[in-house]
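Here's the structure, in structure tokens; my notes come after.
The values are calculated or read from the model by the stated rules, or taken from the named source; none is laboratory data. For clarity, every value in this text was computed on a predicted model and none was experimentally measured. Backbone-built Cβ (ideal geometry, glycine too); neighbour counts: all protein chains shown. Side chains are part of the model used for accessible areas, which takes the heavy atoms of the whole protein and leaves out ligands, DNA and RNA. Shrake-Rupley method; radii C 1.70, N 1.55, O 1.52, S 1.80 Å.
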Amino acid sequence: MKRFIALSVLLSFALYLSLSASDAEINRSAPGFTLVDSNGDEHSLSDFEGKIIVLEWINFGCPFVQKHYKSGNMQNLQNKYTGKGIIWLLICSSAPGKQGNLTNEEINAELDELNTAQTAYLIDESGEVGQAYGAKTTPHMYIIDEEGILVYAGGIDDIKSTDVEDIEKAVNYVAEGLDYLLDDMPVQTQVSAPYGCSVKY
């Protein structure tokens with residue numbers, strides 16, 4: 001038991017150091033950015049001032065991402081929470097020539113086929129925004145509250161697998177965090193270990 005507690009403390013500390021190495025810090029203002037979306041329109045984080053925001057790092061070629069999209073899990077979350085006024089931004093930090101870096105036409109065709117419900121799909125080819133947030137995996141999830149404070153960073157849930165059957169058994173940290181915010185309560189789990197494919201910087 002003591003060994004388990006020690007390992008948990010070490011993991012939490014490692015995750016804290018990982019976040020601290022980037023510009024993003026839990027319970028601090030989320031780093032601002034401006035990116036162009038798959039329709040050629042520009043979006044800044046400041047455009048959504050006063051809104052709860054989800055940032056989802058994405059790469060459609062990643063089997064961990066495919067798990068959540070081919071099952072409809074991610075779209076269900078997007079529909080549920082954008083319907084409650086939450087902003088949901090997909091961000092792709094894949095560099096040119098790397099997996100996940102697609103043309104606008106390819107991106108929009110994929111979004112249409114999967115029937116996604118994001119606010120915008122943002123393109124971060126330089127990786128600048130991904131590096132600022134310390135994004136390591138696809139998916140890697142972040143929640144920003146109405147005050148612009150980063151209140152969650154980590155995995156979408158607590159079961160690290162590509163098995164669709166694990167979705168129902170998992171604790172979904174993103175849904176849990178958003179529900180707390182919508183109920184005007186502090187997010188309980190603020191940092192978790194992200195899992196998935198590496199971001200293709």
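Would you please state which residues of segment 117-152 a label at Asn39 would reach in this model, taking the label point 7 Å out along Cα→Cβ and a backbone N cut-off of under 15 Å?
Answer for this model: 117-123.
Can you give the local net charge around Asn101? Use residues other than it whose beta-carbon is closer than 14 angstrom to its beta-carbon, Lys and Arg +1, Asp and Glu -1.
After counting each charged neighbour, the total is -3.
Contour minus end-to-end for Lys160 and Asp184, with contour as 0.36 nm per residue of separation and end-to-end as the Cα-Cα distance?
5.7 nm
Just going by the charge dipole of the chain, with Lys and Arg at +1 and Asp and Glu at -1 on Cβ, which of Ile156, Asn39, Leu181 is farthest out on the positive end?
Ile156
Does a label point 7 Å from the Cα of Glu146, set along Cα-to-beta-carbon, have any residues of segment 158-195 with amide nitrogen under 15 Å, and which are they?
178-187
Please list the radius of gyration and Dmax for the chain, considering alpha-carbon atoms only, with Å as the unit.
For the chain, the Cα-based Rg and Dmax read 16.0, 53 Å.
For Glu165, Glu110, Glu56, give me the order by solvent-accessible area with a 1.4 Å probe, most accessible first, ignoring ligands, DNA and RNA.
Glu165, Glu110, Glu56
Local charge sum around Gly196 (other residues, Cβ-Cβ under 12 Å, Lys/Arg +1, Asp/Glu -1)?
Charge balance near Gly196 sits at +2.
Near Tyr152, within a Cβ-to-Cβ distance under 10 Å, what is the net charge of the other residues, with Lys and Arg +1 and Asp and Glu -1?
Working: positive: none; negative: Asp145, Glu176.
Summing Lys/Arg as +1 and Asp/Glu as -1 gives -2.
Treating the beta-carbon of each Lys and Arg as +1 and of each Asp and Glu as -1, no other charges, what is the dipole magnitude of the chain about its Cα centre, to the nearest 20 debye?
On the way: 13 positive and 29 negative charges, 190 e Å.
Dipole about the Cα centre, nearest 20: 920 debye.
What nm value, rounded to one decimal, do you get for the distance between Ser46 and Ala175 when each label is placed 7 Å out toward the C-beta?
The answer from the label model is 3.6 nm.
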